[in-house]
Each structure stands twice: as structure tokens, then as C-alpha cells.
1. What's the angle, to the nearest 10 degrees (0 to 90), between helix 113-125's Cα axis and the longest principal axis of the chain?
2. In whole percent, how big is the carbon plus sulfur part of the accessible area of the range 75-117, probe 1.4 Å, protein atoms only?
3. Output the relative contact order of the chain, whole-number percent, from Cα pairs under 8 angstrom with separation of 6+ residues.
4. What ranking, highest mean first, results for peptides 155-164, 67-76 when packing means the other Cβ atoms within 10 Å averaged over each residue?
5. For residue 50, enumerate residues with amide H under 5 Å from its amide H, sequence gap 5+ or separate chain, H modeled in the peptide plane.
6. For a Förster distance of 25 Å, can you work out the FRET efficiency between the beta-carbons of residue 33 and residue 170, rounded to the nearest 0.05?
7. To the nearest 10 degrees, how steep is helix 158-168 against the longest Cα principal axis of the chain, on a 0 to 90 scale?
8. Just tell me which lysines come within less than 20 Å, Cα to Cα, of residue 106; anything on the same chain fewer than 8 places away is out.
Amino acid sequence: RDALMSEPDPTDHHPFRHLERCRNIVVCSVAGKCHAGGLNLVLFSDITIAGKSATFRVPELLRGIPDPHMSARLPYFVGLAKAKYMMLTAAEISADEADAWGIVAKTVEDDELEAETERVLDIVRQTGPRARMLAKDDINRRLPAYDVRLLQREIMSPEMTEGMMAFLEKRAPKWPPV
């Protein structure tokens with residue numbers, strides 16, 4: 001915890017922000033469960049294609065974890081009402097719902113996922129490298145900021161500790177009073 005507290009940006013070790021900042025186009029291909037950090041990877045990537053059997057979920061609050069990345073990006077993609085629904089209920093949504101809500105760019109049959117991802121990558125490669133880099137940068141500059149200290153403030157809090165212990169012990173949490 002002390003090492004995390006001394007970093008100027010305690011989320012710097014997370015890959016999410018680097019996906020938005022890198023010059024390359026980041027394409028995600030989702031098969032199966034896309035929960036928690038996996039969903040963050042999707043939200044911070046440029047293009048996401050999902051197989052029809054993929055599911056998406058935000059389970060962090062079940063563990064007492066306030067995720068600043070999720071709370072900053074999910075409302076931008078799906079709107080405030082759907083973001084609150086996903087975050088506050090930890091409900092799992094289908095690939096078709098994720099597509100309709102704007103989390104993914106496209107859904108395909110599971111057996112077509114790899115071929116479709118390659119097709120999209122081939123199309124991206126046909127675009128001008130500098131132009132796509134500049135377009136990505138211009139789009140991402142408009143994204144909302146996130147509170148990099150939120151997680152840092154809550155690391156090892158009684159609620160987060162109980163949430164993680166309950167998860168590891170496969171039991172319901174006994175939340176401390178707020």
C-alpha cells in the first residue's frame with residue numbers, strides 16, 4: 001500500500017490509460033465473460049468485436065471496490081442510467097445488449113469472431129497511419145477525466161477488505177457501517 005500511496009498517479013500501472021494514449025489502434029475481440037478489468041480494457045480500446053455468447057458485467061461494487069476507470073468511461077459509452085444499472089446492480093448483460101448500448105462496435109456469431117477481427121484489422125491497416133493516429137488522439141482528448149486517487153483512497157478500507165475477503169472465501173459480505 002505504501003508504494004501505491006507514494007506514486008503521483010496510482011493507476012499508472014494499469015494498462016487502461018495506456019490503451020487510449022498509444023499511437024496504435026487497439027482492437028479487442030471478446031469471447032466469453034468480459035467482466036471487471038476485462039470490461040475496462042474494452043472501454044479503453046478503440047474497436048471491440050464480440051462473439052454472440054460474450055457477456056459483460058461490472059462486479060467491482062460486490063467486492064467494495066470503487067473503480068474510477070469504470071465510473072468515468074461506462075457512462076460515456078452507455079449513458080448515465082444504463083451505467084448506474086450495470087454498476088449498482090452488477091447485472092450481467094449479453095453481447096447483443098452490449099452492442100445496442102454502445103459498449104462494442106459489432107457482434108458476430110462465435111465461430112466468426114476470429115475472422116471478423118482479422119477483417120477489421122485489415123481494414124484499419126488500409127487507413128493512413130498518421131491520420132488514424134491523429135483522429136484517435138482527437139477523439140480521446142474529449143473523453144472525461146477520471147479520479148486517479150479514488151482507488152488509492154479506498155485501498156485497504158474496511159469495506160474493500162471485507163468485500164475481497166468475502167469473494168476469496170466465497171461467502172456473502174458482511175459490510176461494515178458507512
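1. 60
2. Details: 1250 of 2400 Å².
So the carbon and sulfur contribution to the accessible surface is 52 percent.
3. Working: 250 pairs, mean separation 47.5, N = 178.
The normalised contact order for the chain reaches 27 percent.
4. 67-76, 155-164
5. Sorted by chain and number, the residues that satisfy this are 30, 106, 107, 108.
6. Working: r = 17 Å, r/R0 = 0.69.
It comes out at approximately 0.90.
7. Orientation of helix 158-168: about 70 degrees from the principal axis.
8. The reachable lysines, counting only those whose Cα sits under 20 Å from residue 106, are 33, 52, 82, 136.
The values are calculated or read from the model by the stated rules, or taken from the named source; none is laboratory data. Predicted model only: the values in this text are computed from it and were never measured. Every residue, glycine as well, gets a Cβ built from its backbone with ideal geometry; the counts of neighbours run over all protein chains shown. Ligands, DNA and RNA are excluded from the accessible area calculation, which covers all protein heavy atoms including side chains. Shrake-Rupley method; radii C 1.70, N 1.55, O 1.52, S 1.80 Å.
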